[in-house]
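Let me begin by presenting the structure, written as structure tokens, before commenting on it.
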Amino acid sequence: PLRIAFKRFFAIASVGLIDGETVVRVHFSPFLFLLFHTRLDEAKKGNFPNANFTLFNGESLPFTDNFFEKGTSTNTIYFWKSPEVLTSEIHRVLKPKGLITISFADKEFMRKLPFTHENFKLYEVSQVVSLFSKFFTLLDQEEQRENVISKSGESVERTFYTLTFQSV
């Protein structure tokens, strides 16, 4: 099981946030909110008794300033309506020196997928670093590769990145 060694964390949906003993998943998709909300009781009975899922408008995070210590966003940056606005909001809700990890798939890999041509904004690492540079310092950049099975049944190598930023 997942063990969290920090106090406040959020996940963008997701956006994820945890505050002391609280895990918060912030969803900008009503469908995902409903899907994950069905798992809320499960989370509360497990390692996260104060878990909470919150729906937001994709731009304004419904939390006070300096509320969270850490956050994460995995494969959601493609759908952010206003990336500069949301980056500013992430900075606002993170405590000073707070951390955010952003994980996303390689732009060239994603470009080849048939479903990414509409409603996806694909990023190169340098673009994400630039997006976060106004409010954050890049602490770590990790490139990983994994083999996944495509819908046609063939093995495909997928490259993805995880960037860790610290609030300045």
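The values are calculated or read from the model by the stated rules, or taken from the named source; none is laboratory data. All values reported here derive from a predicted model rather than from experimental measurement. Glycine gets a Cβ as well: all are built from the backbone with ideal geometry, and neighbour counts include every protein chain shown. SASA here: full protein model, heavy atoms, side chains in, ligands and nucleic acids out. Shrake-Rupley method; radii C 1.70, N 1.55, O 1.52, S 1.80 Å.
Structure summary
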| item | result |
| --- | --- |
| Within the accessible area of segment 67-168 (1.4 Å probe), percent carbon and sulfur | 50 percent |
| Environment charge of Asp65, counting only residues whose C-beta is closer than 12 Å and scoring Lys/Arg +1, Asp/Glu -1 | +1 |
| Across Lys70/Lys151; Lys107/Lys134; Lys95/Lys151, pairs whose alpha-carbon gap is larger than 32 Å | Lys70/Lys151; Lys95/Lys151 |
| Other-chain or far-sequence residues with amide H under 5 Å of Thr74's (modelled H) | Ile12, Ser14, Ser103 |
| Net lengthening on full extension, Asp65/Val156 (0.36 nm per residue, minus Cα-Cα) | 28.5 nm |
| Net length gained if the chain between Lys112 and Ser126 were fully extended (0.36 nm per residue, minus Cα distance) | 3.1 nm |
